[in-house]
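*Asks:* Below are the structure tokens for one structure; questions will follow.
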Amino acid sequence: MRQSINRQRVDESSRMFSYEFDSIITDDSLTQEYRQIKTDELDLHFYKSNRTKERETYVYRDLSYIQMHYELSNGYTAYQSKHESKAAVRTESGKCTTFYLPELDGYLYDPVCKNAVSFEIEITEKWLRSNLSESSKSSYEFLKRMSNKEIAVLGKGSYSISPEMRQLIYEINTCPYTGLVRQLYVEGKVMLLLGLQLHQIECGLNFIDKDGMAKSDLDRYYYLGEILTTEYSMKHSIEELSLRIGINRTKLQSGFKQCFGLTIHEYLIEVRMNEAYRLLRDAPKGSYSVVDIATQVGYKHYNHFSFMFKKKFGVPPSAFMLFV
């Protein structure tokens, strides 16, 4: 369990999302920011952790425990049951894992990490049974093991966090609503996350495979991601980016998509839309017009910006401003 693994460059695609946190915890070896969101049936936690020493902690709770776990960047962890030597749950950086434990009675291992961002959804058994049917082989096996009070992992493993999942997680983190609307919004997004994971499992999908890429190429693709994230308001051509990165345009386009799960154009749109969402939500009333924000995120024509925003979030930006 105490293996030394270099996780620093895994899931750099999360840089296009700027997650928000409300509180901070510190001790002699840990600095951790976190945000908690609760509904009647779900308890959601966002963490950003910097740990200078690995830690193994004994945990105990005489109740069943169900979690959808997303290691968004630079982290991983493991749980080992105290009573069953082969019963372990491991999470991997850049992947999602949904698991059931009949009780918490074992050891939780947390490695040294830097800027490790994770998202955890604690689920009640009632909610899961209401939203997970036995119609697929993987869900049937999971629910059967749960009924038998056996440790279970949905799909028997971890699956890559797809771009669609990352967007849903970001929207949960930055939910602008309160009260009943907030509860419905969050639970709807969680249901979509569960559906996307089931789709991955049933279709045998594992989205972003960086294995076999040269380190020098990976570094260039990540550098391009940083350029697009910081220079999102500028117009870029593939030829210009190819010269800046030092990779021919064909290899650049195919390698970037393999690395991030998005084309260069799609990545830039994601960054622009997320920044527009943040500005529309956080800007004081009357400080910006929608046209101003369109220009600020790189659109010359408001109609094009409005079309892309509605395509992404389901409402035009002018209407979105009325809800926040």
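Only the coordinates and a few stated rules stand behind these numbers; no lab work does. Quick caveat: nothing in here was measured; it's all calculated off a predicted structure. Note: ideal-geometry Cβ built from the backbone for every residue, glycine included; neighbour counts use all protein chains shown.
*Asks:* Going by alpha carbons, how many degrees (0 to 90, nearest 10) lie between the helix axis of 137-147 and the longest principal axis of the chain?
*Replies:* Helix 137-147 sits at roughly 40 degrees to that axis.
*Asks:* Now for a separate question. Neighbour counts of other C-beta atoms within 10 Å: give me V297, V153 arranged from fewest to most.
*Replies:* Working: V297 22, V153 18.
Exposure proxy ranking, most exposed first: V153, V297.
*Asks:* Under a point-charge model restricted to the Cβ atoms of Lys and Arg (+1) and Asp and Glu (-1), what is the dipole moment magnitude of the chain relative to its Cα centre, in debye to the nearest 20? Intermediate results must be reported in sequence, preceding the final value.
*Replies:* Values: 42 positive and 42 negative charges, 133 e Å.
It comes to approximately 640 debye.
*Asks:* Here's a follow-up. With θ taken as phi - 60° and the coefficients 6.51, -1.76 and 1.60, list the Karplus ³J(HN,Hα) couplings across segment 55-64 in order, rounded to whole Hz; mark glycine and proline as x.
*Replies:* 9, 10, 10, 7, 10, 9, 7, 7, 9, 5
*Asks:* Add +1 for every Lys or Arg and -1 for every Asp or Glu among the other residues with Cβ under 14 Å from the Cβ of S138, and state the total.
*Replies:* Numbers: positive: K137, K144, R145, K156; negative: E134, E141, E202.
Residues near S138 contribute +1 overall.
*Asks:* While we're looking at this one, here's another question. From Cα pairs below 8 angstrom and at least 6 apart in sequence, can you work out the relative contact order of the chain, rounded to a whole percent? Walk me through the numbers before you get to the answer.
*Replies:* Numbers: 507 pairs, mean separation 47.6, N = 324.
Across the chain, relative contact order equals 15 percent.
*Asks:* Moving to a separate point now. Any idea how far apart R278 and T39 come out in nm if each label point goes 7 Å out from Cα toward Cβ?
*Replies:* A separation of 2.5 nm, rounded to one decimal place.
*Asks:* So, R0 is 25 Å and r is the distance between the beta-carbons of R244 and A214; what FRET efficiency does that work out to, to 0.05? Present the calculation step by step, with values, prior to reporting the outcome.
*Replies:* Details: r = 18 Å, r/R0 = 0.74.
So the FRET efficiency works out to roughly 0.85.
*Asks:* Return R61, R55, R35 ranked ascending by Cβ neighbour count within 10 Å, so the fewest neighbours appear first.
*Replies:* R61, R55, R35
*Asks:* Tell me which lysines have Cα within less than 22 Å of K310's Cα, excluding those fewer than 8 residues away on the same chain?
*Replies:* K189, K235, K285, K300
*Asks:* Among the listed pairs K95/K257; K53/K82; K53/K257; K114/K257, give every one whose C-alpha distance is greater than 28 Å. Present the calculation step by step, with values, prior to reporting the outcome.
*Replies:* On the way: K95/K257 17 Å; K53/K82 23 Å; K53/K257 35 Å; K114/K257 25 Å.
Violating the 28 Å limit, Cα to Cα: K53/K257.
*Asks:* Right, next: Which percent of Cα-Cα pairs in the chain sits in each 20 Å bin, short to long?
*Replies:* Binned Cα distances yield the sequence 28, 57, 14, 0.
*Asks:* I would also like to ask the following. Test of understanding: ordering C175, C203, C113, C96 by Cβ neighbours within 10 Å, fewest first, what list do you get? If you can, show how the numbers build up before the last one.
*Replies:* Details: C175 18, C203 8, C113 23, C96 27.
With the fewest neighbours first, C175, C203, C113, C96 line up as C203, C175, C113, C96.
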